[in-house]
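As structure tokens, the structure follows; a few thoughts come after it.
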């Protein structure tokens, strides 16, 4: 696939919309909000000492006491930890590490390191004890039982992003999505799919991810069964562009949350939630008309959803 094809059509419109979101974010420091998934007005928790446009991922520690933040600052990946009440903000790890998720026991972080050739690493919560797990891999996440890791990689020979799984030590990898066909080309927009893989907390055989279809203004949220590679599309949202690198799945596996916009002018990003079967779609941030919202993450008890909010004016 040529570079020209990558930057035209839907991919071009999507890039413009994501760029608009980042430009909104750049106006202020990151504001972290919390909202009850059952409803209610979002509460602003804390302003963090980094630009909002830099934050790409949020991840709760399994005990709910800390939050890992993945960010890009001055074109370099960085990882921060902050207490769940917004205090104790600190940088961990080394430059060019990003997309942190906690191990199931909460003792370490699984992170992506390197921009040219991304590699999955395990590091301690103080940044020590760095060990490489998987090369040519990014956006990793552990299964609930800690035995598997799902990650993204450009597949051969298509050079398109696909999802893979491996054992916790990096061995026995296999591809679990096949978005590209040698005869028909990619079924999904290579700019944005598949993205943000995460295991179903109730079932280590299921992986949740999002992607956007090539040639149409829509994106899907799907589950793939890693035992047989069957894919079930949960939601197909026409006229909507995703922003989040990850789709958030509630700890009980019953709800999903994500950031999206259904309009290009004016651009307004909201946190949406639905049941895991795709029913009951609702807007959790409609009461914040002047705030663009992104990067949702559920608390471990499922009673709260945090996200980044940025003034839209």
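In this structure, is residue 71 buried (at least 20 other Cβ atoms within 10 Å of the Cβ), in contact with a helix residue (DSSP H, G or I) (Cβ under 9 Å, 6 or more places away or on another chain) and more than 29 Å from residue 131 (Cα to Cα)?
no
This table checks each residue for (1) at pLDDT below 80; (2) closer than 29 Å to residue 111 by Cβ; (3) part of a strand (DSSP E or B); (4) out of contact with any helix residue (DSSP H, G or I) (no Cβ under 8 Å at 6 or more places or on another chain).
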{"residue": "193", "(1), (2), (3), (4)": "yes, yes, no, yes"}
{"residue": "210", "(1), (2), (3), (4)": "no, yes, yes, yes"}
{"residue": "234", "(1), (2), (3), (4)": "no, yes, yes, yes"}
{"residue": "251", "(1), (2), (3), (4)": "no, yes, no, yes"}
{"residue": "263", "(1), (2), (3), (4)": "yes, no, no, yes"}
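A quick yes/no check of all residues on (1) farther than 26 Å from residue 166 by Cα; (2) at pLDDT below 80; (3) under 18 Å from the mean Cα position of the chain (by Cα); (4) surrounded by fewer than 21 Cβ atoms within 10 Å (Cβ to Cβ):
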position: 201; (1), (2), (3), (4): no, no, yes, yes
position: 239; (1), (2), (3), (4): yes, yes, no, yes
position: 247; (1), (2), (3), (4): no, no, yes, no
position: 269; (1), (2), (3), (4): yes, no, yes, no
Qualifying residue in the stretch 160-173 (condition: under 28 Å from residue 88 (Cα atoms), out of contact with any helix residue (DSSP H, G or I) (no Cβ under 8 Å at 6 or more places or on another chain) and buried (at least 19 other Cβ atoms within 10 Å of the Cβ)): no
Candidate set from the stretch 37-53 (those that are within 26 Å of residue 197 (Cβ to Cβ) and in contact with a helix residue (DSSP H, G or I) (Cβ under 8 Å, 6 or more places away or on another chain)); member that is surrounded by the fewest Cβ atoms within 10 Å (Cβ to Cβ): 53
Residue 205 being assigned to a strand (DSSP E or B), at pLDDT 80 or above and surrounded by fewer than 19 Cβ atoms within 10 Å (Cβ to Cβ): yes
Of all residues making up the stretch 283-313, the number that are touching a residue at least 40 places away in the same chain (Cβ under 8 Å), in a strand (DSSP E or B) and surrounded by fewer than 16 Cβ atoms within 10 Å (Cβ to Cβ): 1
Tally, over the stretch 87-126, of residues that are in contact (Cβ under 8 Å) with a residue 40 or more places away in the chain and either farther than 25 Å from residue 49 by Cβ or surrounded by fewer than 16 Cβ atoms within 10 Å (Cβ to Cβ) (or both): 6
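The values are calculated or read from the model by the stated rules, or taken from the named source; none is laboratory data. The model shown is predicted, which means the values in this text are computed figures rather than measured ones. Virtual Cβ from ideal backbone geometry, glycine too; neighbours counted across all protein chains shown.
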